[in-house]
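S.K.: Structure incoming, see below.
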Amino acid sequence: MWAECRERFLSHLRYERGLSEETLRAYAGDLAQLQEYYAANTGEKDVDLDSVTSEFIRGFLASLHKRLEKTSQARKLSTLRTFFHYLNDNGLYDKNPTEWISAPKTTRKIPSFMGVDDVFHFLDALRQAAVAKGSSWRRCRNWALFESLYSTGIRVGELVNLDEMDVSFERGMVRVVGKGSKERIVPIGKKALDSIATYQKSLQSQFPASRLRDRPLFRNARGGRLSARSVHRILLVEMKRCGLWQHLSPHGLRHTFATHLLNAGADLRAIQEMLGHSSLSTTQRYTHVHMDQLMKTYDSAHPRSRKPK
């Protein structure tokens with residue numbers, strides 16, 4: 001019963017809701033972790049749904065208290081809620097043990113990001129390495145990767161899923177398929193387009209035409225599509241190579257994009273559209289990041305904020 005319900009639920013998420021592979025892995029991992037907890041406490045490998053009571057789920061979440069942050073615990077509870085709602089809605093099970101369980105209270109973290117000078121230093125170093133005499137196609141690819149991430153603010157999963165045809169050099173736009181298979185058009189800057197053009201030219205000398213029949217934009221050493229995990233690894237290597245020891249993920253470049261736009265006076269609604277956020281409240285967390293700058297502007301500009309001489 002558990003295994004069948006689990007597989008039907010994951011198929012629903014993949015084919016009907018169109019969730020990304022990264023999100024699907026997170027859902028599957030949360031359910032697997034509950035199953036491991038069940039086996040450890042009952043000695044049974046297959047989960048009896050009637051045994052998964054509210055008290056059982058509270059015990060499961062309590063077992064994670066010391067190992068995981070509250071945000072991760074809340075996500076696992078959210079997974080279970082979505083799972084049982086699916087079972088209820090489809091007549092597979094008539095109880096919902098998550099109904100009366102409150103999510104752990106979490107504090108919203110300020111997103112990590114790079115300063116403007118550090119970003120310029122990083123991207124300029126990548127460009128110099130890419131255009132240097134005898135440079136490899138990988139150096140060109142890495143420059144294009146991170147110029148594109150910073151220029152568009154798209155998710156790393158969206159970046160690696162881009163095909164060559166998704167980039168319009170004439171319009172300066174990129175077609176992105178985001179969460180829930182929602183499509184949006186995002187502007188991309190000239191420097192990023194130049195880096196992509198340099199990278200695509202370098203590919204022609206590396207791979208024969210027969211290897212380039214499928215059209216992923218960013219490729220691995222075998223000519224196939226680059227993975228999000230590889231982008232994370234490449235970013236860490238390239239940052240250290242440039243003398244930047246800040247621990248930043250590709251998602252941090254997305255935060256950097258949003259923060260720099262907001263600091264420059266961009267409209268929050270426009271940033272929401274470019275990031276592909278369904279709710280403005282998700283985008284509003286960036287307002288906390290630039291609050292210091294906002295206060296400096298206020299103090300220097302507002303006549304009632306100035307100290308008397």
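S.K.: Which is over 20 Å from the mean Cα position of the chain (by Cα), surrounded by fewer than 21 Cβ atoms within 10 Å (Cβ to Cβ) and not in a strand (DSSP E or B), of Ala130, Ala103? Full working, then the answer.
M.R.: Values: Ala130 fails: surrounded by fewer than 21 Cβ atoms within 10 Å (Cβ to Cβ).
Every option except Ala103 fails the conditions.
S.K.: Would you call Leu34 of a type in the set (A, V, I, L, M, F, W, C), modelled with pLDDT of 90 or more and part of a helix (DSSP H, G or I)?
M.R.: Working: of a type in the set (A, V, I, L, M, F, W, C): yes; modelled with pLDDT of 90 or more: yes; part of a helix (DSSP H, G or I): yes.
In short, yes.
S.K.: How many of the residues in segment 8-28 are of a type outside the set (D, E, K, R) and farther than 24 Å from Ile154 by Cβ? Break it down into steps so the answer makes sense when it comes.
M.R.: Applying the first criterion (of a type outside the set (D, E, K, R)) to segment 8-28 yields 9-13, 15, 18-20, 23-24, 26-28.
So of that shortlist, the ones also farther than 24 Å from Ile154 by Cβ come out as 9-12, 28.
Total satisfying the criteria: 5.
S.K.: I need the full set of residues from segment 193-206 which are closer than 13 Å to Cys140 by Cβ and either in contact with a Gly (Cβ under 9 Å, 6 or more places away or on another chain) or not acidic (Asp, Glu) (or both), in order please. I'd like the intermediate steps shown before the answer.
M.R.: Looking only at segment 193-206, we keep the residues that are closer than 13 Å to Cys140 by Cβ, and these are 194-206.
Those that are closer than 13 Å to Cys140 by Cβ and either in contact with a Gly (Cβ under 9 Å, 6 or more places away or on another chain) or not acidic (Asp, Glu) (or both): Ser195, Ile196, Ala197, Thr198, Tyr199, Gln200, Lys201, Ser202, Leu203, Gln204, Ser205, Gln206.
S.K.: Do the conditions hold for Ile154, that is, is it part of a strand (DSSP E or B), out of contact with any Asp or Glu (no Cβ under 9 Å at 6 or more places or on another chain) and of a type in the set (Val, Ile, Thr)? If you could, list the steps in order and put the result at the bottom.
M.R.: Details: part of a strand (DSSP E or B): no; out of contact with any Asp or Glu (no Cβ under 9 Å at 6 or more places or on another chain): yes; of a type in the set (Val, Ile, Thr): yes.
In short, no.
S.K.: Checking the conditions here, which among Leu261, Leu248, Leu244, Leu253 is modelled with pLDDT of 80 or more and either in contact with a strand residue (DSSP E or B) (Cβ under 9 Å, 6 or more places away or on another chain) or in a loop (DSSP other than H, G, I, E, B) (or both)?
M.R.: On the way: Leu261 fails: either in contact with a strand residue (DSSP E or B) (Cβ under 9 Å, 6 or more places away or on another chain) or in a loop (DSSP other than H, G, I, E, B) (or both); Leu244 fails: modelled with pLDDT of 80 or more; Leu253 fails: either in contact with a strand residue (DSSP E or B) (Cβ under 9 Å, 6 or more places away or on another chain) or in a loop (DSSP other than H, G, I, E, B) (or both).
Of the residues listed, the single one that is modelled with pLDDT of 80 or more and either in contact with a strand residue (DSSP E or B) (Cβ under 9 Å, 6 or more places away or on another chain) or in a loop (DSSP other than H, G, I, E, B) (or both) is Leu248.
S.K.: Considering only segment 133-163, how many residues are at positive phi and surrounded by fewer than 21 Cβ atoms within 10 Å (Cβ to Cβ)?
M.R.: As a first pass, look at segment 133-163 and keep what is at positive phi: 134, 153.
This time we only want the ones that are surrounded by fewer than 21 Cβ atoms within 10 Å (Cβ to Cβ), so: 134.
Summing the residues that are at positive phi and surrounded by fewer than 21 Cβ atoms within 10 Å (Cβ to Cβ) in segment 133-163 gives 1.
S.K.: Looking at segment 37-73, which of its residues are without any contact (Cβ under 8 Å) to a residue 12 or more places away in the chain, exposed (fewer than 12 other Cβ atoms within 10 Å of the Cβ) and part of a helix (DSSP H, G or I)?
M.R.: Residues satisfying the conditions are Ala40, Glu55, Ala62.
S.K.: All but one of (1) part of a loop (DSSP other than H, G, I, E, B); (2) buried (at least 17 other Cβ atoms within 10 Å of the Cβ) hold for Ala221; state the number of the condition that does not hold.
M.R.: Just one mismatch for Ala221, condition (2).
S.K.: May I pose another question? For the list (1) out of contact with any Ser or Thr (no Cβ under 8 Å at 6 or more places or on another chain); (2) under 30 Å from Arg219 (Cβ atoms); (3) in contact (Cβ under 8 Å) with a residue 60 or more places away in the chain; (4) not in a helix (DSSP H, G or I), I need the number of the one condition that Leu92 fails.
M.R.: (2)
S.K.: Right, here's the next one. Could you please tell me which pairs satisfy a Cβ distance under 9 Å, a separation of 6+ or placement on different chains, a first residue in segment 216-239 that is under 11 Å from Leu145 (Cα atoms) and touching a residue at least 40 places away in the same chain (Cβ under 8 Å), and a second residue that is surrounded by fewer than 19 Cβ atoms within 10 Å (Cβ to Cβ) and among the β-branched types (Val, Ile, Thr)?
M.R.: Leu226/Ile234
S.K.: For segment 283-297, indicate whether the set of residues that are modelled with pLDDT of 75 or more, assigned by TED's automatic domain parsing to the domain that holds Gly178, part of a helix (DSSP H, G or I) and surrounded by 17 or more Cβ atoms within 10 Å (Cβ to Cβ) is non-empty.
M.R.: Pass one, segment 283-297, residues modelled with pLDDT of 75 or more: none.
So far as segment 283-297 goes, no, none of its residues is modelled with pLDDT of 75 or more, assigned by TED's automatic domain parsing to the domain that holds Gly178, part of a helix (DSSP H, G or I) and surrounded by 17 or more Cβ atoms within 10 Å (Cβ to Cβ).
S.K.: Cβ-Cβ below 7 Å, separation at least six or inter-chain, first residue in segment 9-27 and without any contact (Cβ under 8 Å) to a residue 60 or more places away in the chain, second surrounded by 15 or more Cβ atoms within 10 Å (Cβ to Cβ) and not in a helix (DSSP H, G or I): which pairs?
M.R.: Between residues of segment 9-27 that are without any contact (Cβ under 8 Å) to a residue 60 or more places away in the chain and residues that are surrounded by 15 or more Cβ atoms within 10 Å (Cβ to Cβ) and not in a helix (DSSP H, G or I), the close pairs are Leu13/Leu19.
S.K.: Tell me, which residue of segment 164-193 that is without any contact (Cβ under 8 Å) to a residue 60 or more places away in the chain and in a strand (DSSP E or B) is surrounded by the fewest Cβ atoms within 10 Å (Cβ to Cβ)? It would help to see each step written out before you state the result.
M.R.: Taking segment 164-193 as the starting set, the residues that turn out to be without any contact (Cβ under 8 Å) to a residue 60 or more places away in the chain are 164-175, 177, 183, 185, 188-190, 192-193.
Then keep just the ones that are in a strand (DSSP E or B); that gives 167-168, 173-175, 177, 183, 185.
Numbers: Val167: 20, Ser168: 13, Met173: 15, Val174: 24, Arg175: 14, Val177: 18, Glu183: 10, Ile185: 13.
Looking at the filtered set, the residue picked out is Glu183.
S.K.: Does any residue of segment 210-224 turn out to be of a type outside the set (Phe, Trp, Tyr), closer than 20 Å to Met114 by Cα, assigned by TED's automatic domain parsing to the domain that holds Leu275 and modelled with pLDDT of 90 or more? Explain how you work it out, then say what you get.
M.R.: Step one: of segment 210-224, the residues of a type outside the set (Phe, Trp, Tyr) are 210-217, 219-224.
From what's left, closer than 20 Å to Met114 by Cα: none.
Checked against the condition, which is being of a type outside the set (Phe, Trp, Tyr), closer than 20 Å to Met114 by Cα, assigned by TED's automatic domain parsing to the domain that holds Leu275 and modelled with pLDDT of 90 or more, segment 210-224 yields no hits at all.
Residues checked against (1) charged (D, E, K, R); (2) at pLDDT 90 or above:
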position	(1), (2)
Glu44	yes, no
His65	no, no
Leu68	no, no
Leu77	no, no
Thr82	no, yes
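The values are calculated or read from the model by the stated rules, or taken from the named source; none is laboratory data. Owing to the predicted nature of the structure, the values given are computational and were not obtained by experimental measurement. Note that we place each Cβ from the backbone using ideal geometry, even for glycine, and neighbour counts take in every protein chain shown.
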